[in-house]
Amino acid sequence: SDGPQTLLKLRLLNAWGSYGLKNPTLIFNYCTLWNDEEGTLIQGTAPSELTRHFSPLLQLGSVYFVSNFRVKPPAPSYRSCSHKLTIILSAATQFEDVTRSSPSFWPDAFEFTPFSSLHSRIRSSVYLTDVVGAVVSITGVSSTVTSFGTTVRSDLVLQNENHMFLDISLWSDIARNLNGQELAVLGRSGPVMLAVCSLRVTGATKGGYSLTSTPGTRCVLNPVSEMAHLVQSVFFASTNTCQYYPPRFATPNEAAAFEAECTKTVSQLLALCFPPVADSTRYHCSGRIVSVDSSMQWYYLGCALCSKAAIDYDGVDKWCDDHRRLVPQQTQNFYKLRVTVDDNTGSAAFVLLGRAADLLVGLTANDLSTRFPYQRNVLPQELLALEGRDFTFDVQLPKPEYGARGPPEFTVLAVNEQEQPNSCSPTLGRRARNAMPHTPPPNSPHLMPLTSPYVVPTMQNASVEHG
């Protein structure tokens, strides 16, 4: 609906660009996040071609009268707030800066999710998540190589009043601008409270959850909120609560050298397994899937909170070693795919689990197992279609205790399909030609950093590209 006669008074909290996963250089939309005088959040969007028009015009943290805009329902995924409408900005939208005449305007706004409720957000694509907690530790900025090229990363740990922990991966500009050494200095005199907004929840850990930043992420030091005050009251007498750890790789050259050292052929991976040693290094290996093992069940029933196997408890409920008794709604099916990967040097068994398998197939195991009446030991065509395709795998070596159980099996942590054929044998998998065409996963509105979100004057922050 058109709204030229409507006048809103809003503070700009954040601005960033959204782009597709397959082309991280192509901006789809210019996105903004605003709050009003009552602290209500609303998201705004504009066509990508207006990015250069709005970037110099709008200043983060400023208050504006906004007019000549439209509203519509929000996008179905990756929302930074729960408002039922989105503001549509255009070249005709007008902004009048009234920051100086609005000293009492609501300074910031959040939609915090309690740590105990984050299980419902795991791998959810509907809402991004705001959290607040006391900073336990932060690492220095370390260079790392991703599928999009070399970027930087920092790891942050937050704790709540119940001593649950969040492991947060910060990427790109947000990692650069969140000064870990400054936080550690502040922590010498008391707890450091930090709000981190617009995160994706990627999984559960033993003590809490893991999250990752997005380009819409912003950080606010010592936010004014009841939840932050509650956490602070628990740790009010604590000192030296924030620990700083130096970066692993200080320069891109160090990271690139390490990545080159971790790139192995199949035969080199097999050689690393003898004698068996404890090695948590993330190795890279390119090869072709020549077969998907049909002798083992391709999915299993697991805990929806941590993806570990769920065993029968009383004929109805299930049991997870970490999360105890589970009702049926707390379980779902997960992939466990064993594939044979071959390059010119040899072949080996790779095991795909969880998110890596979801992205490879393009459907979750829960969706695929319920969409079609497949049995666990009968491979659907979507899995057979993997045969004969070339990928680059990130893998870990098997644990030493598994060394005596047979040939090594490498756990896949991540996988990317190669656009050009590699040097593998050109022979297709024996069943691939009869398989259905592969359906790639839908594009996710990952985001591209444009400007730095508003935060306390002593600390700058910026949107972060997901690595």
Checking the structure you have, find out if any residue of region 68-76 is within 22 Å of Thr214 (Cβ to Cβ), out of contact with any strand residue (DSSP E or B) (no Cβ under 9 Å at 6 or more places or on another chain) and open to solvent by 20 Å² or more (accessible area, probe 1.4 Å).
yes
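Take the residues in region 59-106 that are closer than 30 Å to Arg123 by Cα and of a type in the set (Val, Ile, Thr), then tell me which one is farthest from the chain's Cα centre (by Cα).
Val71
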Which members of region 263-282 meet the condition of being out of contact with any Leu (no Cβ under 9 Å at 6 or more places or on another chain), within 18 Å of Gln418 (Cα to Cα) and not in a strand (DSSP E or B)?
Thr265, Val266
Just name the residue that is surrounded by the most Cβ atoms within 10 Å (Cβ to Cβ) out of those in region 232-244 that are under 20 Å from Ser169 (Cα atoms) and modelled with pLDDT of 75 or more.
Cys242
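Return yes when Ala92 is modelled with pLDDT of 90 or more and touching an Asp or Glu at 6+ places or on another chain (Cβ under 9 Å) and no when it is not.
Details: modelled with pLDDT of 90 or more: yes; touching an Asp or Glu at 6+ places or on another chain (Cβ under 9 Å): no.
When the stated conditions are applied, Ala92 does not pass them.
Tally time: how many residues in region 89-128 are over 27 Å from Lys9 (Cβ atoms) and touching a residue at least 12 places away in the same chain (Cβ under 8 Å)? Before the answer, list the steps.
Step one: of region 89-128, the residues over 27 Å from Lys9 (Cβ atoms) are 113-126.
The next check asks that each one be touching a residue at least 12 places away in the same chain (Cβ under 8 Å); those that pass are 113-116, 118-119, 121-126.
Number satisfying all stated conditions: 12.
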In the set Thr45, Thr32, Thr51, the lone residue that is open to solvent by less than 40 Å² (accessible area, probe 1.4 Å), in a helix (DSSP H, G or I) and in contact with a strand residue (DSSP E or B) (Cβ under 6 Å, 6 or more places away or on another chain) is Thr51
2 or more residues out of contact with any Ser or Thr (no Cβ under 6 Å at 6 or more places or on another chain) and crowded, with 19+ Cβ neighbours inside 10 Å: qualifying strands (runs of 3 or more DSSP E) within region 283-369
283-292, 299-303, 331-343, 346-353
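The values are calculated or read from the model by the stated rules, or taken from the named source; none is laboratory data. Note that the structure is predicted; figures quoted are calculated from it, not measured. Don't worry about glycine lacking a Cβ; one is built from the backbone with ideal geometry, like all the others, and counts go over all protein chains shown. When the accessible area is computed, the model is the full protein with side chains, heavy atoms only, and any ligands, DNA or RNA have been set aside. Shrake-Rupley method; radii C 1.70, N 1.55, O 1.52, S 1.80 Å.
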